[in-house]
Amino acid sequence: MFLYNKNIIFEKQAIYFMSNLPKLFLCWNALSLPAFYIFFKVLNFFFADRPIPENQIIAVSILFAIYFMLLFAATWLGGQQKWKSRTAGLGILLIAFLFLVLYGYELIYSWLPALGINFHNPNKSFRIIEFRKRLTTGFLVTWIIASAMVFALRYFSNKKRLNLKKEKLKQLNNDISLLKSQLNAKHLCPHFIEGVIAITMGKMTTDKQEDNLDNLLKLASVMHHAIEMQETESSIPIKKEWEQVVNLLDLASLGQKEAIEKVSLPPSLQDIRIPIGLFLTPVENAIKYGDVLKGSSFSVRFIIGQDKWIFRVVNDIIHAKRNSIKSQKTGYKLLSKRITNGNWPIKIKRKESQTQYLVSISGPLN
């Protein structure tokens, strides 16, 4: 478990940052009220023809702060990828704008005066065009400020996430190198995993490094599982073994334009215990000697009977690929040894013809 212990600090940093993002979001909005208040006090001190009453400054600051929060939320949600978030952002924006258009006059000349806050100067005549122009200008200025704050927050949050990913990426590369050394020292490094290492590291030099973080995590997990297969004769739930099979199939898709079709694990099998490596070994061999693209003969399936389950792996053999691989054929020997030593009621049937590789594994449901 050393791999996960080394990376736990990066997981905690990422979780801490993401969990505190809403607090940071609220903090920026809460600061908008004192910021607008100070801004209008400065304007009043330097540019006003006559001193503006304190209650007017407070009222305007509250109105601008409320609209800043609404427009901040609208811009933040509008920049998300999910259509529901974008729709919510657009809805908030429309509500804020329509409220200003439909109720702006009542707010300034009816509701606030009822509270003793009067903005109207009796020495100046009311002009509806000028009134609407001021409202629109205030709305746009507030939206620009809110958008700038959204972009700034998103920039810093993305930069923080990117730095965390780079640190984790560096640690993962070191861990994978160590795992590979351990596998090589045991002369048990699966050929496919070795190939995936080359593919993944090759993509690291051409693609964005942070985009390969998930693949490296899967690779490290499979390699750790491979070491554990050789060092223990423990049993694990099928769902745990199946996680590594899925990781292996995902890694097999690297460098392919089409993803590999995978079957779902039947719920009735998830908690049944099996010797470690029972499913990973035949799948790794099928990938090693054959083609796993969509449309190929590669298939993995479960068959549930009345009293037993069957796991089948079928794939065509590519002879040029097989002949180029030097294998010690220790995988099934070790697997058979684990089954025998543990008195497992599990049967393995292997069949390799000139053209096809087939493995059938069966065990009791109870």
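Some points to look at:
- Residue within region 229-242 that is over 21 Å from the mean Cα position of the chain (by Cα), of a type in the set (Val, Ile, Thr) and modelled with pLDDT under 75 present: yes
- The set of residues from region 357-366 being without any contact (Cβ under 8 Å) to a residue 60 or more places away in the chain and assigned to a strand (DSSP E or B) comprises LEU358, SER360, SER362, PRO364.
- Meeting the requirement of 1 or more residues that are hydrophobic (A, V, I, L, M, F, W, C), at pLDDT below 85 and in contact with a His (Cβ under 8 Å, 6 or more places away or on another chain), the helices (runs of 4 or more DSSP H) wholly within region 1-92 are 2-30.
The values are calculated or read from the model by the stated rules, or taken from the named source; none is laboratory data. All values derive from a computational prediction rather than experimental measurement. Positions of Cβ are generated from backbone atoms using ideal geometry, with glycine treated the same way; all protein chains shown enter the neighbour counts.
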